[in-house]
Amino acid sequence: PQEYSFRALEERWGGYWEQAGTFTPADDGSRERKYVLDMFPYPSGDLHMGHAEAFAMGDVVARYWIQRGYDVLHPIGWDSFGLPAENAAIKRNAHPAEWTYANIETQKGSFQRYGISADWSRELHTSDPEYYRWTQWLFQQFHRNGLAYRKDSPVNWCPQDQTVLANEQVVNGACERCGTAVTKKSLNQWYFRITQYADRLLEDMAELEGHWPERVLAMQRNWIGRSEGAHVRFEVEAVEGADGAAPVEPITVFTTRPDTLYGATFMVVAADADLALDLVTEEHRAELERYREELTHVSEIERQATDRTKSGVFLGRYALNPLNGERLPIWASDYVLADYGTGAIMSVPAHDQRDLDFARAMDLPVRMVVDTGEEDPAVSGVATTGEGTLVNSGELDGLDKTAALARAIEIIEERGTGEGTVNYRLRDWLLSRQRFWGAPIPIIHCPDCGEVPVPQDQLPVLLPSDVSGEQLAPKGQSPLASIESWVNTDCPSCGGAAQRDTDTMDTFVDSSWYYMRYISPNDSTQVFDRASVDRWLPVDQYVGGVEHAILHLLYSRFFTKAMYDMGLIGFTEPFKALLNQGQVLNGGKAMSKSLGNGVDLGEQLDRFGVDAVRLTMVFASPPEDDVDWADVSPSGSAKFLARAWRLAQDVSLGGAPAGTAPDGGDRSLRQVTHRTVQDAAGLLDERKFNVVVARTMELVNATRKTIDSGAGAADPAVREATEAVAILLSLFAPYTAEDMWALLGHEPSVARAGWPTVDESLLVQDTTVAVVQVKGKVKDRLEVALDISAEELESMALASEAVQRSIGDAPIRKVIVKEPKLVNIVI
Ligand code: ANZ
Ligand code: ZN
């Protein structure tokens, strides 16, 4: 006999699966298909504990479905554009590709060692020209369909990275990457019109309900932020005299509470919006400008904080309430956001806390118009927002809130001063980046023809390859802009001198469609074959971190819908089911450099072996829960794997030969085997992977017990049990399982052994004999199931003829039930 050695096993089977193409799907239509997708990794250096957890979970699903006989697609690739590569290149005076592809080499080796059931023949890199050629092609389809456009707008600007950031990349007012305070800047930028899909992104979530974590759906719903309300127009009073302010357009506000129109006591416009400049009178202009200057240093998050001290400037003008003609002073403040609603509000301090805080700070009137039965907000300082009856509201008086809301919209619509509307928090997706390491935007700017798409046969627009170090350093414009030979070109339309667009695309564009490209990653003639994509997609199981709850998942959903509308694909949701694996913590805290509690995956793998680390990840908790590495025992996992492996060795040395019918074997072990396999299937469907591991451990113990009880390994039930263990372990511990399978005399790979067939007759519950006593004397014996409930046993006992005879007419004082063995009736 040999000793179990994970090193020997990894040596023996390392590289086998890739060579044999074990995980390449047949794609011949002979079997039902399943698509398992892991969020593809960013090549940041090497695999870490977080990858180890996520990929272990996705692998259980993929491997389970293969065993169940599905044709499984489980691809892998690299999200390989992005800032870290560029920053590294600047530091090392190299091209970003160098760092990127070197990291991929390292990381790929680690992934292969980790034994993921991935189809490596489909590996893709978003930074390969063969890939970004089609990213650019897709951009052009969006552009042609009016879904990609340019506009001037104030953008979040990171002064450190010298780049624009999407709202989502600003965390507490600081750059998500470097932590520098974000400022505002006006730039001409490319956008995707995701807002056009806001309603469908919301509605189609009904399909995902129950298959995606509720938390993720809630975050998306909140991000889209649908509010029903009204647009109401307020005329602006002309300013008399030499003040000079020209007549201005009416102010349109967005409000969710048109029922409170009579409670409006002033107006507020976003201080940083142009509207403020249009409205302000000369007298107040200097003050406004000072205020706006201060504002450039404040983030949106801070501005929206409810506890922020209210500040603002009176603009010297008045608007007229369209319902009662009342004059409302117009203010500018930072608590009204320029890019939400219309950037202007009617202020109803009695029923909106921020308005009330502002009114109190500026000494403006407060008028209650919905009587909720609570104290008057003017007195309490607490705005009331609940149900109630309208007061101080002219024709609305006496109505309840809901009726008043509907009536107010009717009135403004009748008078032509507004209309009911729906507003979304969702903004269009800013996709321009002033950085180098991304897909160049395939547009040429011609002084005569305007925006001209690069002709399809000239795609990809390649990134220059001879750029490095300083040339990439952030300068406030794209590094591409300073490479004249690259920028200057001919207009494809008129042939005149023209310039290439110098921005690159947000890397979220790359990841919005990579799961479609996996179907034919090497097709150089088309983005993908529609029929094949429709065959494999949508993805049956997506696995990845909850940090992608909004951006990546929302963008991918948008891409899918837009591509469906363009006739490129035949489905409207990309991911049928989503699993967010938990985090790997150490000592109850996320691993981080600053805490110094990082655990090095490579070191763990060297010490305990791949299988022990994988098994530990899965065994520690249900897949959605966090794993605290300080609480787990990879060495315990390693010991268990050795115990399992020894079963196979025992069978190989003295067991029943492969193919022996198990019929005559130890019945109780056979029952454990079949029950375990049966239950494991249900548990895997419910994603209780950890329980499956626990049950496999029990099966290993039961098998060892049978061997030790005298029968030895020769009992065919032992072979049957050991084969089941190997197949179960193939989901969690591929090297050990493969080696067991070989010891058991089978051809590789155990990954394709097929799920064991369960013999129903072995699932029948075992029974026992329950004794029924009356006044302490045995009156009957009943054959009952081992797991009978107390109630069931009691009623069976009371129904027994012998028992009824012995009780007679005597009243029953007490029934004591000790299921499944005993019932004692006291009379
Ligand atoms: C009057 C009013 C009275 C309002 C009341 C609320 C309560 P949601 O639900 O988030 O869409 N608002 C509109 N545009 C704004 C902006 N650019 N910046 C800050 N606040 C803005 O919120 C809609 C409400 O937020 C609107 O309804 C408006 O205040 C305010 F008792 O109008 B409301
Ligand atoms: Zn031209």
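The values are calculated or read from the model by the stated rules, or taken from the named source; none is laboratory data. Small disclaimer: the values here were computed from a predicted structure and weren't measured. All Cβ positions, glycine included, derive from the backbone under ideal geometry; neighbour counts span all protein chains shown. For accessibility, only protein heavy atoms count, side chains too; no ligands or nucleic acids. Shrake-Rupley method; radii C 1.70, N 1.55, O 1.52, S 1.80 Å.
Residue separation of Ala238 and Glu387 scaled by 0.36 nm, minus their Cα-Cα distance, works out to 49.9 nm of gained length. If you wrap the chain in the convex hull of its Cα atoms and look at it from every side, the mean projected area works out to 49.2 nm².
For the chain, the longest principal axis of the Cα atoms and the long axis of helix 734-743 meet at an angle of about 20 degrees. A Förster radius of 45 Å, combined with the Cβ-Cβ distance separating Ala361 from Ser621, puts the computed FRET efficiency at roughly 0.35. Comparing Cα centroids, segment 790-809 and segment 474-547 end up 77 angstrom apart. Using a simple spin-label model with pseudo-atoms 7 Å out from Cα toward Cβ, Asp274 and Asp685 lie 6.0 nm apart. Of the accessible area of segment 675-827, with the probe set at 1.4 angstrom, what percent is carbon plus sulfur? The C+S portion of the solvent-accessible surface of segment 675-827 is 49 percent.
Between the alpha-carbon centers of segment 341-359 and segment 382-422, tell me the distance in whole angstrom. That distance is 16 Å.
Dimensions of segment 661-722 along the principal axes, based on C-alpha atoms and rounded to the nearest Å, stand at 37, 20, 14, largest first. The ellipsoid equivalent to the alpha-carbon distribution of segment 299-423 has semi-axes of 24, 19, 15 angstrom, derived from the gyration tensor eigenvalues as √(5λ) and listed largest first. What the Cα convex hull of segment 124-223 gives, in volume per residue, is 166 Å³. Using only the C-alpha atoms, the convex hull of segment 364-465 corresponds to 281 Å³ per residue.
Over all alpha-carbon pairs in segment 169-311, figure out the percentage whose distance exceeds 23 Å. All intermediate terms of the calculation are to be shown ahead of the outcome.
Values: 6075 of 10153 pairs.
For segment 169-311, the fraction of Cα-Cα distances above 23 Å is 60 percent.
For the chain, the solvent-accessible area works out to 42 Å² per residue, with a probe of 1.4 Å and every protein chain left in place. With the convex hull drawn around the C-alpha atoms of segment 507-628, the volume per residue stands at 155 Å³. The convex hull drawn around the Cα atoms of segment 252-365, when projected onto a plane and averaged over every direction, covers 6.6 nm². Taking segment 563-634 on its own, what percent of its Cα-Cα pair distances exceed 17 Å? Cα-Cα pairs of segment 563-634 separated by over 17 Å account for 57 percent. Heavy-atom accessible area with a 1.4 Å probe sorts Ser465, Ser633, Ser432, largest first, into Ser465, Ser633, Ser432. Averaging 1/r over every pair of different alpha carbons in segment 31-70 and inverting the result gives a Kirkwood radius of 11.4 Å. Normalised by 2.2 N^0.38 Å, with N the number of residues, the alpha-carbon radius of gyration of segment 348-394 equals 1.04.
How many percent of the accessible area of segment 271-410 is carbon or sulfur, using a 1.4 Å probe?
Values: 3110 of 6410 Å².
So the carbon and sulfur contribution to the accessible surface is 49 percent.
Spherically averaged projected area of the convex hull of Cα atoms, segment 411-484: 9.9 nm². Using only side-chain charges placed at the Cβ, +1 for Lys and Arg and -1 for Asp and Glu, the dipole size of segment 1-141 relative to its Cα centre rounds to 100 debye. Between Ala497 and Arg415, the C-beta separation translates, for a Förster distance of 56 Å, into a calculated FRET efficiency of about 0.50. Between Ser761 and Arg813, the modelled labels are 5.0 nm apart [label points 7 Å from Cα along Cα→Cβ]. Rg over Rh for segment 712-786 works out to 1.33, both radii taken from alpha-carbon positions and Rh defined as the Kirkwood radius. Both numbers refer to the Cα atoms of segment 760-827; Rg and Dmax are 12.7, 45 Å.
Of interest is the spacing of the C-alpha centroids, which for segment 1-72 and segment 716-739 amounts to 16 Å.
The charge dipole of the chain, taken about its Cα centre with unit charges on the Cβ of Lys, Arg, Asp and Glu (plus for the first two, minus for the last two), comes to roughly 2320 debye. The simple spin-label model puts a point 7 Å past each Cα toward its Cβ; for Gln477 and Glu214 those points are separated by 5.3 nm.
If each residue of separation counts as 0.36 nm, what is the full-extension length gain between Ala658 and Val826 once their alpha-carbon separation is subtracted? Residue separation times 0.36 nm, minus the Cα-Cα distance, leaves 54.7 nm. Among beta bridges from DSSP that stay inside the chain, the antiparallel ones total about 75%. For the chain, the longest principal axis of the alpha carbon atoms and the long axis of helix 790-799 meet at an angle near 50°. In degrees between 0 and 90, to the nearest 10, how far off the longest principal axis of the chain does helix 634-654 point, with axes built from Cα atoms? The answer is roughly 40 degrees. If R0 equals 60 Å, the separation of the Cβ atoms of Tyr564 and Thr296 corresponds to a calculated FRET efficiency of about 0.90.
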